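Participant: Pasting a structure below so you can have a look.
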Amino acid sequence: MSQMLMWPLIVEGLLLAALIILLIYRSTLTMHEDDQLFLDESASAMAQEQQEVLSKLNKLSPMLKWVGGASGVLGLVIVSVAVYQQLQQMQ
């Protein structure tokens, strides 16, 4: 492995770890989310909990997109540099 690829690989590992943590967190939030909620006067606390879960999911969604996108782009850069280096060695 080239010294040039060492730091991008470390950053990619950190991005992937962050992405996995965010995905696990999202899955724990969605476990408590109900698809349909029938409410009467006594169940207003459940409605509040559902609104909080939806609020957290809405805040989490952009972070997942950015971290996933950054990880994908960095992965493509790493692969491109590795292929370029291999082609240079073959010549």
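Participant: Determine whether region 26-43 contains at least one residue that is part of a helix (DSSP H, G or I), at pLDDT 90 or above, in contact with a helix residue (DSSP H, G or I) (Cβ under 7 Å, 6 or more places away or on another chain) and surrounded by 10 or more Cβ atoms within 10 Å (Cβ to Cβ).
Facilitator: Yes: region 26-43 contains one or more residues that are part of a helix (DSSP H, G or I), at pLDDT 90 or above, in contact with a helix residue (DSSP H, G or I) (Cβ under 7 Å, 6 or more places away or on another chain) and surrounded by 10 or more Cβ atoms within 10 Å (Cβ to Cβ).
Participant: Within region 1-24, is even one residue over 20 Å from the mean Cα position of the chain (by Cα), farther than 28 Å from Val81 by Cα, at pLDDT below 85 and surrounded by 10 or more Cβ atoms within 10 Å (Cβ to Cβ)? Let's see the steps before the verdict.
Facilitator: From region 1-24, those over 20 Å from the mean Cα position of the chain (by Cα) are 1-7; that's our starting set.
Narrowing further to those that are farther than 28 Å from Val81 by Cα: none.
No; the residues of region 1-24 include none that is over 20 Å from the mean Cα position of the chain (by Cα), farther than 28 Å from Val81 by Cα, at pLDDT below 85 and surrounded by 10 or more Cβ atoms within 10 Å (Cβ to Cβ).
The values are calculated or read from the model by the stated rules, or taken from the named source; none is laboratory data. The structure presented is a predicted model; accordingly, all values stated were derived computationally and were not measured. When we count neighbours, we look across all protein chains shown, and the Cβ atoms used for this are built from the backbone with ideal geometry, even at glycine.
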